[in-house]
Amino acid sequence: MDKEKVAFLLLRIGLSFAFLYAAFSSFLAPSNWIGYFPVFIRNLVTENILLPLFSIFEITLALWILWGKYLFYSSVLASISLLGIIIFNFNQMDIIFRDVSILLMAISLVVYSYNDKLKL
């Protein structure tokens, strides 16, 4: 395996890990995670439904990124999700600053997989 493929695989594993960790941790300690949702979303959907649904979304997204098929689309979805987390929690930058790095990982996968999207 050449260096580029290894780096690409490590990016996918790293991004997937971030989503998987957050998803499983939110199942174990939901009160630690529900506060990252904007109030207007928590007013639309009860916390008992919102957090498990989002966790399932995160697990699905992580597995999709690991799978690698249609990576452009999964990486765009990951980027949008992370951007939303950053925007709606910007006042907590001391906590979410790592999400900026994770967002950049997702964007790099978008850029890297863009040519593959054109081959579909």
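Read-outs throughout are calculated quantities, based only on the coordinates presented, and are distinct from any laboratory measurement. Small disclaimer: the values here were computed from a predicted structure and weren't measured. As a convention, Cβ positions derive from the backbone with ideal geometry for all residues, glycine included, and neighbour counts pool all protein chains shown.
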Can you give me the P(r) profile for the chain? Cα pairs, bins 5 angstrom wide beginning at 0, each as a whole percent. 2, 11, 20, 23, 19, 12, 7, 4, 1, 0
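Lys and Arg at +1, Asp and Glu at -1: add these up for the other residues within a Cβ distance under 12 Å of GLY35 and post the number.
Summing Lys and Arg as +1 and Asp and Glu as -1 gives 0.
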Using θ = phi - 60° and the Karplus form 6.51 cos²θ - 1.76 cosθ + 1.60, what ³J(HN,Hα) does each residue of region 12-23 get, whole Hz, x for Gly and Pro? 5, 5, x, 5, 5, 4, 4, 5, 5, 4, 4, 5
In sequence order, calculated HN-Hα J values of region 87-102 (Karplus, 6.51, -1.76, 1.60; Hz; x Gly/Pro): 4, 7, 10, 4, 5, 10, 4, 4, 9, 9, 4, 5, 5, 5, 5, 5
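Under 1.5 on a/c is rounded, so check that first for region 47-116, then, if it is not, pick prolate when a/b is larger than b/c and oblate when it is not; a ≥ b ≥ c are the square roots of the alpha carbon gyration tensor eigenvalues.
Values: a/c = 2.73, a/b = 1.28, b/c = 2.13.
Cα axes put region 47-116 in the oblate bin.
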